[in-house]
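Input: a single structure, listed below in structure tokens.
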Amino acid sequence: MNTSTDSTAKPNARVNLLGMNRQEMEAFFVSLGEKPFRASQILKWLHQQHIADFSQMTNVSKAMQLRLAELACIEAPEVAVDQLSVDGTRKWALRLHDGNVIETVFIPEDDRGTLCISSQVGCALDCSFCSTARQGFSRNLTVDEILAQIWLAGKLLKEEGRSGRNITNLVLMGMGEPMLNYENVVRAIDIFLDDFAYGLSKRRVTVSTAGVIPAMDRLADRHDVQLAISLHAVNDELRNELVPLNKKYPLKDLLAACHRFMEKQPARARITIEYVMLDGVNDNLKDAQALIKLLNGLSVMVNLIPFNPFPGSGYKTSSSDAVKRFQTKLHDAGITTVIRKKRGDDIDAACGQLVGKITDRSRRTEKFITPRFGMRL
Ligand code: SAH
């Protein structure tokens, strides 16, 4: 079977099984006159054994193997760059069939392994402190391109002799805004959660959004995964500047959407609030006080992210004293607050440092405010 290492290869007419959830895979087998249970067999070979060659799927008849090879394929992008940080963080740059490059990061810790995956090529949101934003936006990732990231990471880690349990947590915090690629992201989540595929726990799959409200509302009805909100500012004036999406979905509406989301979650669930710490911009104790007020009545965990600098950003990282003072203030108000550890910044793998490579820049200046996004949701 072909795992496509040829970057110039065009997508072929065969259907890529990598991006099919159970329902779609069952429908596929039924259309071939097969029993639906074939789907769970193939899902296991594919996602648990990382087998891309139909002839190795021993519980599938020879005739069926040949038929599958004719009609279907299992194709993942080529690993263009593979980097290992001194702290063990791993970054892969994956070249897609059209030449675009996306990035995926694996962060091993004592008690877990977190895979940070991308949902779009570039990003249209233009957050002022994020280097992905500088790249502009090219396109949404397809379901198989989203899936290929966990598939390849799992396969490579396994081949290196690590156990398959390496990836325990998955965060959609790489390049792109997952909630502007809603359909493909929720179908990918189906596969992350499926016991016949990755079997990840709902609490260990996190969707991070800058606050695309209509998609947050839809997600609440589809999957009760962990939601993280990139808040970063406590008033609209500053948030409009840091996260321009705020002009479309201002703080008051965003907080109301968070409350709606939580109403549909189990009683003990918490929403994660991400707050990047920018020196002299949003790290004052008055900001902490306003944040406490804003989050009142919402079950949250706050994640303070020390700003990861990049050339020409114009921002500075808050001092560790400022970050600790901010944390203590929130903590004293009864809000669980953690400081996100910086991982992999020697290989530019930290939050906001993923840039990939965009070949098609024609949509570079396109902004979220265009009706196209409104219509997509
Ligand atoms: N678009 C999504 C997910 C991608 S970014 C979102 O906005 O949530 C994942 C997190 O990293 C977000 O909270 C983002 O605001 C933050 N981030 C972006 N650039 C950063 C930087 N330079 N330093 C620290 N955090 C950054």
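Within region 197-211, at least one residue is over 25 Å from residue 154 (Cβ atoms), in contact (Cβ under 8 Å) with a residue 40 or more places away in the chain, within 16 Å of the ligand (Cβ to nearest atom) and open to solvent by less than 20 Å² (accessible area, probe 1.4 Å). With respect to residue 281, determine if the residue is open to solvent by 40 Å² or more (accessible area, probe 1.4 Å), touching a residue at least 40 places away in the same chain (Cβ under 8 Å), within 16 Å of the ligand (Cβ to nearest atom) and within 30 Å of residue 348 (Cα to Cα). Spelling it out, residue 281 is indeed open to solvent by 40 Å² or more (accessible area, probe 1.4 Å), touching a residue at least 40 places away in the same chain (Cβ under 8 Å), within 16 Å of the ligand (Cβ to nearest atom) and within 30 Å of residue 348 (Cα to Cα).
Within region 37-57, not a single residue is more than 23 Å from residue 158 (Cβ to Cβ), open to solvent by 60 Å² or more (accessible area, probe 1.4 Å) and modelled with pLDDT of 95 or more. Being under 23 Å from the mean Cα position of the chain (by Cα) and assigned to a helix (DSSP H, G or I) is the filter here, so list the residues in region 255-280 that pass it. Across region 255-280, the qualifying residues are 255, 257, 258, 259, 260, 261, 262.
Every residue, every condition in (1) away from the ligand (no atom under 12 Å from the Cβ); (2) in contact with a Leu (Cβ under 6 Å, 6 or more places away or on another chain); (3) over 21 Å from residue 104 (Cα atoms), yes or no:
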{"position": "306", "(1), (2), (3)": "no, no, no"}
{"position": "313", "(1), (2), (3)": "no, no, yes"}
{"position": "318", "(1), (2), (3)": "no, no, yes"}
{"position": "324", "(1), (2), (3)": "yes, no, yes"}
{"position": "331", "(1), (2), (3)": "yes, no, yes"}
{"position": "334", "(1), (2), (3)": "yes, no, yes"}
{"position": "338", "(1), (2), (3)": "yes, no, yes"}
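When each of 273, 292 is tested for being crowded, with 19+ Cβ neighbours inside 10 Å and modelled with pLDDT of 95 or more, the lone residue that passes is 273.
Being of a type in the set (Ser, Thr, Tyr) and without any contact (Cβ under 8 Å) to a residue 12 or more places away in the chain is the filter here; which residues of region 36-73 pass it?
Once the filter is applied, which keeps residues that are of a type in the set (Ser, Thr, Tyr) and without any contact (Cβ under 8 Å) to a residue 12 or more places away in the chain, region 36-73 yields 58, 61.
If you go through region 118-169 and keep only what is over 22 Å from residue 211 (Cβ atoms), open to solvent by 20 Å² or more (accessible area, probe 1.4 Å), of a type in the set (D, E, K, R) and part of a helix (DSSP H, G or I), you end up with 144, 155, 158, 159, 165. Among the residues of region 163-173, the one identified as more than 16 Å from the ligand (Cβ to nearest atom) and of a type in the set (A, V, I, L, M) is 167. For region 174-188, the tally of residues that are farther than 19 Å from residue 106 by Cβ, part of a helix (DSSP H, G or I) and within 15 Å of the ligand (Cβ to nearest atom) stands at 5. It is to be established whether one or more residues within region 225-239 are in the same structural domain as residue 209 (by TED's automatic domain parsing), in a helix (DSSP H, G or I) and either within 16 Å of the ligand (Cβ to nearest atom) or crowded, with 18+ Cβ neighbours inside 10 Å (or both). There is at least one residue in region 225-239 that is in the same structural domain as residue 209 (by TED's automatic domain parsing), in a helix (DSSP H, G or I) and either within 16 Å of the ligand (Cβ to nearest atom) or crowded, with 18+ Cβ neighbours inside 10 Å (or both). Looking only at residues in region 58-77 that are touching a Phe, Trp or Tyr at 6+ places or on another chain (Cβ under 7 Å) and farther than 20 Å from residue 191 by Cβ, the one that is least open to solvent (accessible area, probe 1.4 Å) is 65. In region 227-238, the residues that are farther than 15 Å from residue 288 by Cα form Cβ pairs under 6 Å with partners that are of a type in the set (Asp, Glu), at six or more places apart or across chains, as follows: 228/274; 230/274. How many residues does region 122-139 hold that are at pLDDT 95 or above and more than 13 Å from the ligand (Cβ to nearest atom)? Number satisfying all stated conditions: 1.
The values are calculated or read from the model by the stated rules, or taken from the named source; none is laboratory data. Please read all numbers here as calculations on a predicted model, not as lab measurements. Neighbour counts run over all protein chains shown; Cβ positions are idealised from the backbone, glycine included. Quick note on the areas: whole protein, heavy atoms, side chains included, nothing else; ligands and nucleic acids left out. Shrake-Rupley method; radii C 1.70, N 1.55, O 1.52, S 1.80 Å.
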